[in-house]
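The values are calculated or read from the model by the stated rules, or taken from the named source; none is laboratory data. Remember, it's a predicted structure, so these values are computed and weren't measured experimentally. Every residue, glycine as well, gets a Cβ built from its backbone with ideal geometry; the counts of neighbours run over all protein chains shown.
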């Protein structure tokens with residue numbers, strides 16, 4: 001806070017205010033999964049926008065530190081819950097041809113909002129920033145009210161006719177849309193045939209936890225962990241948080257920290273815009289591996305150059321170091337910084353998509369916490385250049401794993417992706433020739449209990 005702020009805050013108190021949002025995020029992660037399962041996508045999104053609006057208003061009217069902390073907790077609670085809901089909504093509402101673009105636009109909205117918040121924060125009082133932040137939330141509340149409910153969620157609840165109406169409202173009644181809905185009907189019929197309804201509380205708990213041992217959950221979760229490594233290897237969180245430490249080691253003299261922050265935000269926006277432009281035309285794997293391996297190479301060059309400077313073999317040229325870092329940020333934001341969100345929204349099965357997303361977010365938050373805690377230690381032990389070399393190694397390990405196990409999801413329906421993890425690469429559903437999506441889908445003559 002500024003010295004003339006009506007709420008005096010020291011460095012320790014400021015850290016508590018900043019970190020309190022994480023606590024709210026943990027609660028929102030759990031609550032979001034529960035409400036998504038019980039109340040659906042539309043109503044859950046409406047309900048979880050409200051705490052964020054109240055949190056910003058509480059910050060605007062704050063007269064003491066507890067009010068600021070409660071406001072931050074409310075914002076964190078809403079943020080992670082709506083993030084989970086957003087993943088489910090984009091996955092279940094959009095057509096395969098545009099799903100990647102919608103996920104990329106969601107990622108772009110994060111970096112654009114970060115840039116706008118930093119810009120507004122430079123020129124306006126923090127109370128004004130809090131008030132401005134409620135405007136897009138209120139707009140989102142109005143837009144969400146016009147949504148239909150998710151067809152996939154309605155099918156899980158056995159409401160076939162409502163699901164069909166919602167699906168046609170979202171996708172139309174073309175031949176491909178009808179085939180996709182028929183495949184969803186068939187998959188739901190298989191779930192019903194192969195699921196025994198638990199009666200006692202113990203049986204319900206065993207039924208719930210049994211899901212976490214199934215291949216259609218475990219395989220996507222391992223892939224998601226590798227995606228988290230890619231995300232952190234992209235510098236998505238490390239570089240903005242530790243920009244001062246990084247630039248202090250690279251540049252001969254200090255500059256205004258806000259210059260670094262705004263510059264990195266602008267680079268992130270440009271990279272994510274490029275990702276939105278190419279994701280509709282290129283495969284996910286092509287973008288991910290091109291961006292990942294090039295980013296790892298740039299990181300290695302940056303680290304090697306820094307090492308040669310430290311051992312007095314080469315002379316430090318700050319403009320060259322900054323140029324390498326800018327190239328790295330640009331390339332990483334085109335792929336490995338944006339695609340993890342896209343792919344993570346596509347790979348989890350419908351029956352436990354809410355819980356899977358919550359577990360994945362728990363892993364992501366734990367991974368982020370670990371990375372942020374270890375980064376400064378690495379800076380002190382290995383210098384910035386050595387720490388970036390460690391990132392390059394982790395990035396290469398995750399890319400090698402995903403090269404063999406990550407399926408291509410572009411232009412694939414969510415049901416096709418789920419079938420890949422359950423049955424195997426070669427499985428293809430046999431559907432009836434009747435084009436009416438309300439007609440019962442034919443069940444394949446395969447043993448659905450026997451994975452390939």
Could you tell me which numbered condition residue 143 fails, if it satisfies all but one of (1) outside the structural domain of residue 88 (by TED's automatic domain parsing); (2) under 22 Å from residue 79 (Cα atoms)? (1)
Of the residues that make up the range 325-346, is at least one in the same structural domain as residue 262 (by TED's automatic domain parsing), surrounded by fewer than 16 Cβ atoms within 10 Å (Cβ to Cβ), touching a helix residue (DSSP H, G or I) at 6+ places or on another chain (Cβ under 9 Å) and at pLDDT below 90? yes
Do we find that residue 271 is under 28 Å from residue 358 (Cα atoms), crowded, with 21+ Cβ neighbours inside 10 Å and at pLDDT below 85 in this structure? no
Whichever residue in the range 291-318 is closer than 16 Å to residue 267 by Cβ and free of Cβ contacts under 8 Å to residues at least 60 places away in the same chain and, among such residues, is farthest from the chain's Cα centre (by Cα): 298
For the range 390-416, name all the residues that are in a helix (DSSP H, G or I) and over 15 Å from residue 292 (Cβ atoms). 390, 414, 415, 416
Within the range 205-217, does at least one residue satisfy the condition of being buried (at least 17 other Cβ atoms within 10 Å of the Cβ) and in a helix (DSSP H, G or I)? yes
Hey, among 399, 394, which residue is surrounded by fewer than 20 Cβ atoms within 10 Å (Cβ to Cβ) and either at pLDDT 90 or above or more than 30 Å from residue 191 (Cα to Cα) (or both)? 394
